[in-house]
Every structure is written in structure tokens, then in C-alpha cells.
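Enquirer: One structure is given below, represented as C-alpha cells, and several questions about it will come after.
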Amino acid sequence: MTRNRAETIYDTPLPEELRLAVRAQTQAQIIECLNRFYMLETEMWGKPVDALIVRMVVQGRLQGRLYDLSALSAALGLPIATLHRKVADLVEGGHLRRERRGKSVYLVPTDETCGALDESFEAMVAALRRLYRGGVLKEGEGDGPFCPP
């Protein structure tokens, strides 16, 4: 019994030149989305290292693994003094908060940070869906500051 399914560009043999052109265009579009995501994060949380800290704290929360400063320092390879300073700025800015559990103090994202990250991921997913439907992402296109839906 044969299955009826739509063929994609990956199901059919392509001339090498066309395959390389498609691959290059796909890579360019993905890099553009990543760059826009990076810019969006930088606007939300400041410098790239700030965004890295916030992302790591959020990821830890999602995985059920909270970070204290020493664990975060080890995970990111950053000096503890730098993290103290950066985390103090992120707490003051309302992006992270300190949560005491027993004798330890862990870092957790604020509700506002989780909401902002959810929105930015939704924009990224929408952009990638559009890319895979064959659309071309252009600067200034769409409703938001990120990749268009």
C-alpha cells in the first residue's frame, strides 16, 4: 500500500547547484531570525551577557533546576564578581528576583520576564513557520519589531 503525501524539496533529487542555493537561502533566513531575536533580547534585558544570564535562569526554572550564583558562575564560565554585579542590575531592573530556599538563595525570573520571553519565542516560531512555508522575511515587514508572522 502506498501512502499519498506531499513531496517536499527534500524528497526529490535536486541538482547540486539548486540544493546549495536552497541551503544558502535557508541558512540566511535562519541567521536573520536569530539576529532579530538577539536584537529583541538586547532591547528587553540589556547587554548580551545580561540576556545570557536571564535565558539560563529561565531554562533552569523550566528544567526544575534553580541556580544560585556559584552554580550560575560555573554553568556560564563567568567570574562570580561579574555575576554579582550583573545579577544585582537584573534584579533592580525587575528581570530576576532572589528566592530564599532553606540556607540557599536562588535566582528566578520575574513573571514579567517570563511573559516577555514567551512573546519573543512566539514571534520566533511564527517567523520560522513563515520561512518554512516559503515566505521571505524582509526588514520592516509585518506587525511587530521582530520577524513577521
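The values are calculated or read from the model by the stated rules, or taken from the named source; none is laboratory data. The shown structure was predicted, so the numbers you read here are calculated from the model rather than taken from an experiment. FYI the Cβ positions are ideal-geometry reconstructions off the backbone, even for glycines, and counts take in every protein chain you see.
Let's see how each residue does on (1) of a type outside the set (A, V, I, L, M, F, W, C); (2) in contact with a helix residue (DSSP H, G or I) (Cβ under 9 Å, 6 or more places away or on another chain); (3) free of Cβ contacts under 8 Å to residues at least 12 places away in the same chain:
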{"position": "K47", "(1), (2), (3)": "yes, yes, yes"}
{"position": "I53", "(1), (2), (3)": "no, yes, no"}
{"position": "A71", "(1), (2), (3)": "no, yes, yes"}
{"position": "C114", "(1), (2), (3)": "no, yes, no"}
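Enquirer: How many residues are of a type outside the set (V, I, T) and buried (at least 18 other Cβ atoms within 10 Å of the Cβ) if we restrict to segment 74-97?
Expert: To start, the set of residues in segment 74-97 that are of a type outside the set (V, I, T) comprises 74-79, 81, 83-86, 88-90, 92-97.
Then drop every residue that is not buried (at least 18 other Cβ atoms within 10 Å of the Cβ), which leaves 83, 86, 90, 95-96.
Total satisfying the criteria: 5.
Enquirer: While we're on this one: Return yes or no: is F121 within 19 Å of the chain's Cα centre (by Cα) and modelled with pLDDT under 75? Reasoning before the result, please.
Expert: Working: within 19 Å of the chain's Cα centre (by Cα): yes; modelled with pLDDT under 75: no.
When the stated conditions are applied, F121 does not pass them.
Enquirer: Continuing with the same structure: Condition test on Y106, is it touching a Phe, Trp or Tyr at 6+ places or on another chain (Cβ under 7 Å), hydroxyl-bearing (S, T, Y) and either surrounded by 12 or more Cβ atoms within 10 Å (Cβ to Cβ) or not in a helix (DSSP H, G or I) (or both)? It would help to see each step written out before you state the result.
Expert: Values: touching a Phe, Trp or Tyr at 6+ places or on another chain (Cβ under 7 Å): yes; hydroxyl-bearing (S, T, Y): yes; either surrounded by 12 or more Cβ atoms within 10 Å (Cβ to Cβ) or not in a helix (DSSP H, G or I) (or both): yes.
In short, yes.
Enquirer: Suppose we filter G94, G77 for residues that are in contact (Cβ under 8 Å) with a residue 12 or more places away in the chain and at positive phi; which single one remains?
Expert: Values: G77 fails: in contact (Cβ under 8 Å) with a residue 12 or more places away in the chain.
Going through G94, G77 in turn, the sole match is G94.
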